[in-house]
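First the structure, in the form of structure tokens, and then the observations on it.
The values are calculated or read from the model by the stated rules, or taken from the named source; none is laboratory data. Quick caveat: nothing in here was measured; it's all calculated off a predicted structure. Every residue, glycine as well, gets a Cβ built from its backbone with ideal geometry; the counts of neighbours run over all protein chains shown. The area values use the complete protein model at the heavy-atom level, side chains included, leaving out ligands, DNA and RNA. Shrake-Rupley method; radii C 1.70, N 1.55, O 1.52, S 1.80 Å.
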Amino acid sequence: MKKYLSFFRMRFINGFQYRIAALAGIITQFVWGMMEILMFRAFYRANPSAFPMEFSALSSYVWFQQAFLALFMTWFWEKELFESIKTGNIAYELCRPVDIYSMWFVRGIANRASKAILRCIPILLTGYLLPSPYRLVLPDHLSVFVLFLMSMLLGFLVVVAYGMIIYGLTFYTVNPMGIRMVSQSLAEFLSGAVIPLPFLPDKIRAVVELLPFAAMQNVPFRIYSQDISGSDIYQAMLLQVIWLIILVTVGKIIMNKALGSLTVQGG
């Protein structure tokens, strides 16, 4: 465990070096979030009762989505890992006295967390200072905020576990571009990154909410905005735990089988 914590610390500190990129990301994400809220506002003015979420809840959803984009964006891939698989440089990784899956999992956590910490506070603070109904609204109860934090951690780990499966499947492809495009497109839409899941038709939403993608950003952001409440919160979080266990198990199986039959040629 100590070696993985050391590796996490190194990758986490390394992520803090890119402050200019973080500043550019803060500006971009704030502008994008404001544009998205204004777009929804135009639709809400036409018929507010036609939408499944209160506009204030939607605003909070969007601001958290932008603030913690680095934690939940499924299109964030580490090119170094894909290149090491493609070129055979993973042979150097195999020489280390560590479990490859665990090391890459910790690496994914550290890289995403460092980016999110650099960007989240300015976006959340600015969103909170905006006038109503565009502002970030605080939850009514402290218990809701605690459940939100727990759910966000679970959703974050589900995203990393999902990414590990894609890295594992890359061992069986000549070029990872195809599987990357399909996997990230599915995850972005079905996780609520494009539009919140409550906006989907009821029959489709009932199915989508059972998939692992809904256990990513959909659950924590809707808990915070109190679009999910009561016993539904615990059911949604239980589903997050179940999918986390399933994805980690599947990812380890894929990785172990791939490494067990791996052949690296060259000198």
| said: Given the criterion β-branched (Val, Ile, Thr), in contact (Cβ under 8 Å) with a residue 24 or more places away in the chain and more than 25 Å from residue 139 (Cβ to Cβ), identify the matching residue among 26, 85. | reply: 85
| field | Answer from 58, 38, 23 - the residue that is at pLDDT 80 or above, surrounded by 13 or more Cβ atoms within 10 Å (Cβ to Cβ) and not polar (S, T, N, Q) | value | 58
| message | Please determine whether any residue of region 245-263 is farther than 30 Å from residue 96 by Cβ, at pLDDT 90 or above and either among the hydrophobic types (A, V, I, L, M, F, W, C) or open to solvent by 40 Å² or more (accessible area, probe 1.4 Å) (or both). | response | no
| message | Return the pair list, or none, for Cβ contacts closer than 9 Å from residues in region 200-211 that are in a loop (DSSP other than H, G, I, E, B) to residues that are open to solvent by less than 60 Å² (accessible area, probe 1.4 Å) and of a type in the set (S, T, N, Q), at least 6 apart or on different chains. | response | 209/218; 211/191
| Which residues, taken from region 175-204, are open to solvent by 60 Å² or more (accessible area, probe 1.4 Å) and more than 19 Å from residue 68 (Cα to Cα)? | 175, 177, 181, 182, 186, 201, 202, 203, 204
| Based on what the data block shows, is residue 106 at pLDDT 85 or above, surrounded by 14 or more Cβ atoms within 10 Å (Cβ to Cβ), part of a helix (DSSP H, G or I) and aliphatic (A, V, I, L, M)? | yes
| request: Please indicate, with yes or no, whether at least one residue in region 68-79 is in contact with a Pro (Cβ under 8 Å, 6 or more places away or on another chain) and touching a residue at least 24 places away in the same chain (Cβ under 8 Å). | output: no
| field | Selection count where residues are open to solvent by less than 50 Å² (accessible area, probe 1.4 Å), over 19 Å from the mean Cα position of the chain (by Cα) and not hydrophobic (A, V, I, L, M, F, W, C), scope region 123-152 | value | 4
| request: Quick one: residue 220 ticks every box in (1) in a helix (DSSP H, G or I); (2) closer than 19 Å to residue 58 by Cα; (3) at pLDDT below 90 except a single one, so which number is it? | output: (3)
| task | Quickly run through region 153-174 and pick out the residues that are without any contact (Cβ under 8 Å) to a residue 60 or more places away in the chain, open to solvent by 40 Å² or more (accessible area, probe 1.4 Å) and among the hydrophobic types (A, V, I, L, M, F, W, C). | result | 153, 174
